[in-house]
Each structure stands twice: as structure tokens, then as C-alpha cells.
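Please see the structure below; I have some questions.
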Amino acid sequence: MSALISIQLDAVESLAAELASLAATLGDEVHLCTSTAASLGTALGGTTGEWAASAGHGWAGLLGVLADRTGAIATTLSSAVVAYRSADGLLSQRMGAGLPRGRAIAR
């Protein structure tokens, strides 16, 4: 048995926009983390600097993955909204004006 799913397209569209913005912000942070990691390595030097630089680069990699996946979810949600609205428009066109007025339908 299939279940009925109901969504608010405007809310999903708004969520997609927020996620796209978050993905862009996270992407910007990747560059900052990468440069900071290099600075830490140089400033601290030795084994401690290597560990700090490695942690910074690891964090930058994690942010990159998170940014990419957040962007992918935003794109998917946005595409779903466009598809649902398109299907709804086509359905409305096919239905036309609906039933002629004045005719009773037996129930």
C-alpha cells in the first residue's frame, strides 16, 4: 500500500536556498582552513607543527565534503520543486476548466 505524501513547495524551495547558501559559506571556509593549516605548521615547527598542519588540512577536507554534499542536497531539493511545479502545471492544463457548471454528479 502506498502512502500519500504532502509537502509545502515554498518551504522546500526556501530550505534549498538556505542549504545552497550554507554550502557556499562552507566552501569559503575550506580555503581559510587550508591557509591556516599551513600557517600553523610553519609557526609551530617540528612535530607539533606537522600535527597541527595535518589536523588543519583534515578539517579543510571535511568542510569540503560537507560543502559538496550540502550543495548536492540543495540542488536536489530545488530540482524536485521545479519538477513538482511543472507536473502540477501540466495536470492543471490537462484538466482544463473542470466539469461544466450546472451539472450534478451523483454520489
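Read-outs: derived from the displayed coordinates by stated rules, not from any lab. Here the structure is a predicted model, which is why all the values come from computation and not from measurement. No Cβ is skipped: glycine too gets one built from the backbone with ideal geometry, and neighbour counts run over all protein chains shown.
Going by what's in this entry, would THR75 be described as under 12 Å from the mean Cα position of the chain (by Cα), surrounded by fewer than 16 Cβ atoms within 10 Å (Cβ to Cβ) and of a type outside the set (A, V, I, L, M)?
Spelling it out, THR75 is indeed under 12 Å from the mean Cα position of the chain (by Cα), surrounded by fewer than 16 Cβ atoms within 10 Å (Cβ to Cβ) and of a type outside the set (A, V, I, L, M).
Oh, and also: What residue, among those in the stretch 65-75 that are of a type in the set (Val, Ile, Thr) and in contact with a helix residue (DSSP H, G or I) (Cβ under 8 Å, 6 or more places away or on another chain), is nearest to LEU26 (Cα to Cα)?
Filtering the stretch 65-75 for residues that are of a type in the set (Val, Ile, Thr) and in contact with a helix residue (DSSP H, G or I) (Cβ under 8 Å, 6 or more places away or on another chain), the one nearest to LEU26 (Cα to Cα) comes out as THR70.
Do any residues in the stretch 9-30 that are more than 13 Å from GLY64 (Cβ to Cβ) have Cβ atoms under 6 Å from those of residues that are in a helix (DSSP H, G or I) and small (Gly, Ala, Ser), where the two are at least six apart or on different chains, and which pairs are they?
ALA16/ALA74; ALA16/SER78; LEU19/ALA74; ALA20/ALA74
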